[in-house]
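Please treat every number below as a calculation from the coordinates, not as lab data. On a predicted model such as this, the values are computed, not experimentally measured, just so you know. Backbone-built Cβ (ideal geometry, glycine too); neighbour counts: all protein chains shown.
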Amino acid sequence: MKRAQLIGISIAGVSAFLAFVMVKGMLNKPKEEKRVEVKVNSVQVLVAGADIGLGQVTNEGSFRWQEWPADASSGFITDKSNREAMRQLSGAIARAPIMAGEPITPNKLVKAGQGGVLAAILPAGMRAVSTRIKEETAVGRLILPNDHVDVILIRRMRGRSGGEDYVSDTLFTNVRVLAIGQQIETKEGKKAAEGSPNTATLELTPRQAEMLLLANSLGEISLALRSIADLDAAGKGPGVGGALEKPKDGNAIRVLRYGVRSRASSVN
C-alpha cells in the first residue's frame, strides 16, 4: 500500500474516532436542572433542643429557635411574640415528654411556683390519691405509671351465723396510675417498678377520692391491671364499680361492717 493511502486511512480513522467521542458526549450530556426558588413566609419558633422527659426541670439550653412556616405556627411561641421565652421558661417543669425539635406550647410546661411535678401532670378537676399496695396485690410490681387498673376492695364481714367471710368488691374501673412509689415516669427498658414501692397514686374524681380513703379503712386494696386494648377511648375517665355505692335515700354511703349497717356522710 502506498504511503499516501496509509496517511489517508489514518486521517479518516482519527476523524471517525473524534466524531464518535463528540456524539457520545452530546448524548450523555446531563440535562440542565431548573431550580425555582419559592419564598415561604417563615418565623422563628421555639422548639426543644433535646428530648425533655416528663417532670424534667428545663433551662435555657433545653430550647432553640427554628425556622417554621408562619401559616403553621399558630399556638407556638415565636420570636416575634416573645423573644425572651428561653429565659422566662428556664426552670419550668415538663407536663409531658417533649421530643427534640418539637414546638413548645405554654400548656406543655408549668412554671416554678405553680405546683409540683404531680400537680403539673394532673388533669383539671381530678385528684391524686395514694393507696397502700403490696407486691402480691399489685401484679408483682409490674404495674407502672400511666397503666390503667381496676381497684378492688377485699374486706372481712361477719355473717348472721357469727362466722367471718371475705368479700371482694370492685370500687373503680379504668383508673390511671399516676405514680408507683415516687416513680412518675416509666424509664426506657424498665419492665417493673424500681425498689419495693408500697404506695400507688391514682387519678380519681373528688368523690372517688373520698370513697378510696374510706375503703382503705375497711380492708385491703388490690389493683388489677387492664389491657391497653381496654383503655377508655372516649376519655370519660375512671368508672365506679358496685361497692360503696351512694344510696338513693340520702347523701351518704352505707357499709356493712361486721353485720352492722353503718353510715358515712359527706360523700358527694
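Points to keep in mind about this one:
- ³J(HN,Hα), Karplus 6.51/-1.76/1.60, whole Hz, each residue of region 100-107, x for Gly, Pro: 4, x, 7, x, 8, 10, x, 7
- Neighbour-count order for 111, 34, fewest beta carbons within 10 angstrom listed first: 34, 111
- For region 131-147, 3J(HN,Hα) computed residue by residue from phi via the Karplus equation (6.51, -1.76, 1.60; θ = phi - 60°) reads 9, 6, 9, 10, 4, 7, 10, 9, 6, x, 6, 8, 7, 10, x, 6, 6 Hz, glycine and proline entered as x.
- Order of 20, 63 under a 10 Å beta carbon neighbour criterion, fewest first: 20, 63
- Amide H to amide H, with H built 1.01 Å from N, residue 76 comes under 5 Å of no residue 5 or more places away or on another chain.
- Amide hydrogen proximity for residue 158: with H placed 1.01 Å from N in the peptide plane, the residues at 5 or more positions away or on another chain lying under 5 Å are 165, 258, 259.
- Distant-in-sequence amide H partners of residue 51 (H built 1.01 Å from N, under 5 Å): 100
- Dipole check for region 42-121: with +1 at the C-beta of Lys and Arg, -1 at the C-beta of Asp and Glu, and the Cα centre as origin, the magnitude is about 240 Debye.
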